[in-house]
Amino acid sequence: MAGKRPSPVHVVHFTHVDHLATIVERGLLSDTRAQGAGLIRTEVGNYGIKERRRRRQVPVPPGGVVADYVPFYYAPRSPMMYVIDRGGVETYDGRCDDVVYLMTDVERLVEGGTTVVMTDRNAVLDIAEFTTDTNRLDDLIDWPLMRATMWSNTDDQPDRKERRMAECLIHARIPWEAFTAVTAKTKGCARQAEETLTTVGVELPVLVRPKWYF
């Protein structure tokens, strides 16, 4: 468990490529705000988990529930991405090929004045630890697990899957300017992302990273 954090601490949020134009215009919104504004065109999230996130209280400032925050992971190839790839999301009949990651890092968010709420595992779990102290990142996050390709539970570590889903949560909204890159699984999806960004008049590196997906 734990270990020294990378520098910078990169974090990623995944969404369907169809949402890029709206995110440029409105920023990346929490599920609460995006659902309220009717902005989710293609739902790649698990409905049952989202319902739990709407009830799970955040015990540190600025409070609210988990669904009031934009979630980021500390590593790609998350358990949720695996579910998407295996067709486990009822509202989505695609796979990972049309899903993109939006990249930023904790240091950039903090420098921009954002309050970062961090958890040691999936934020919906009752035993999840929450903190706003970025000095805790070394001991809060299992960095060797984040660097691992496989994250299945083992007899010795039956909670590897939930710890792989440790979250970096940002309240309400993140402006487009906070992002450093977009990544895609295929060249085709990358081209679609580039065309969208060009159409809405912004520039950001679009990278092809098939190993970040299943």
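At most 16 other Cβ atoms within 10 Å and a DSSP loop assignment: could you name the GluC sites (Glu not before Pro) in the range 1-88 that fit? Of the GluC sites (Glu not before Pro), the ones in loops of the range 1-88 whose Cβ has at most 16 other Cβ atoms within 10 Å are 43.
Using a 10 Å cut-off around each Cβ, can you sort 10, 16 from fewest to most neighbouring Cβ atoms?
On the way: 10 21, 16 18.
The most exposed by this proxy come first: 16, 10.
Taking a ≥ b ≥ c as the square roots of the Cα gyration tensor eigenvalues, the range 87-214 comes out oblate, since a/c reaches at least 1.5 and a/b does not exceed b/c. The alpha carbon centroids of the range 145-205 and the range 77-127 are separated by 6 Å.
Just to confirm the number: angle between the C-alpha axis of helix 187-199 and the first principal axis of the chain, 0 to 90 degrees, nearest 10? Taking Cα atoms only, the helix is inclined about 70 degrees.
Expressed in whole Å with the largest first, what are the equivalent ellipsoid semi-axes of the chain derived from the C-alpha gyration tensor as the square root of 5 times each eigenvalue?
Calculated on Cα positions only, the semi-axes equal 25, 20, 18 Å.
Each Cα pair under 8 Å and six or more residues apart adds its sequence gap; the mean of these over the residue count of the range 11-85 is a relative contact order of 41 percent.
Any read-out appearing in this document is the output of simple, stated calculations on the displayed coordinates, not a laboratory observation. Computed from a prediction, not measured in an experiment: that's the story for all the values here. All Cβ positions, glycine included, derive from the backbone under ideal geometry; neighbour counts span all protein chains shown.
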